[in-house]
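Only one structure is covered here, and it is reproduced in the block below.
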Amino acid sequence: KKLNTILKKIIKKQIIILSTFFAVFAGLAGVLFYFFKRERILDIFARYDEYTQPDFYLPHETIQTVLSRFFGGPILFPGYQVIDRSLPDGPYTVLSNYDNFWQYGFTLIVIALLLWSIISHLNNKLVLFISLNFFMDVIIHVFLKYGLGESFIYAGHWIFTYPIFLGWLIKDQNKKVGYIITLVIIGFTLITVCNNALKFHEIYQHFGLPYYGTI
């Protein structure tokens, strides 16, 4: 009961804070739309429609896309796909989905560890605060699909939560379990270094050299 009471209070505070933020944002957007930059506001909606087209995120690949480009992409780099080659400064590209099943397994294990940490610390107000704020990014990029293919740009908003949650998870486990989790993280780190080095080389060979040449 005490835990439920604490959780309800924190969620209530978050709802009040977020509601206030959106109310202020909506008010400012309304003023701008009515008096000053109506074209700019309309441009925002046009860009949203552009960046959430099915060409970017195929409906039948929703789960793969979310795992590859949101949860896993900022850590374990996927490939890339060229959307528009006609731009004068070079082609427009976005991240693609993972090529191998083990990459999806890697990401699912990371998500499982994060959820384990969050569930184990529901009585920690700081964990709940960080989790709820991270959930806002999930709403914007996963459910609304805005910029889902560009996690390398916006992941800085939330990627720091991964080591925080994993650190809390290790700290509160017994010595044996903590040691196992630490070994898993070390192994995943080595896999990440190898995978990302190969992806950097691939991008350099098949994208950097043909369009931009050597430095």
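Side notes on the structure shown:
- Only protein heavy atoms count here; on that basis, with a 1.4 Å probe, residue 201 has an accessible area of about 110 Å².
- Computed with a 1.4 Å probe on the full set of protein chains, the accessible area for residue 9 sits at about 130 Å².
- Listed peptides 95-101, 133-139, 11-17, 70-76 by packing density, highest first (mean Cβ within 10 Å): 70-76, 95-101, 133-139, 11-17
- Under the Karplus curve 6.51 cos²θ - 1.76 cosθ + 1.60, θ = phi - 60°, whole-Hz ³J(HN,Hα) for the range 12-19, x wherever Gly or Pro sits: 4, 4, 4, 4, 5, 4, 5, 5
- Here the simple spin-label model places points 7 Å from the Cα toward Cβ, and for residue 189 and residue 28 these points are separated by 3.9 nm.
The values are calculated or read from the model by the stated rules, or taken from the named source; none is laboratory data. Since the model is a prediction, treat every value here as computed from it, not as a measurement. Reconstructed Cβ throughout: ideal geometry from the backbone, glycine too, with neighbour counts over all protein chains shown. These area figures cover heavy atoms from the full protein model, side chains too; ligands, DNA and RNA do not enter into them. Shrake-Rupley method; radii C 1.70, N 1.55, O 1.52, S 1.80 Å.
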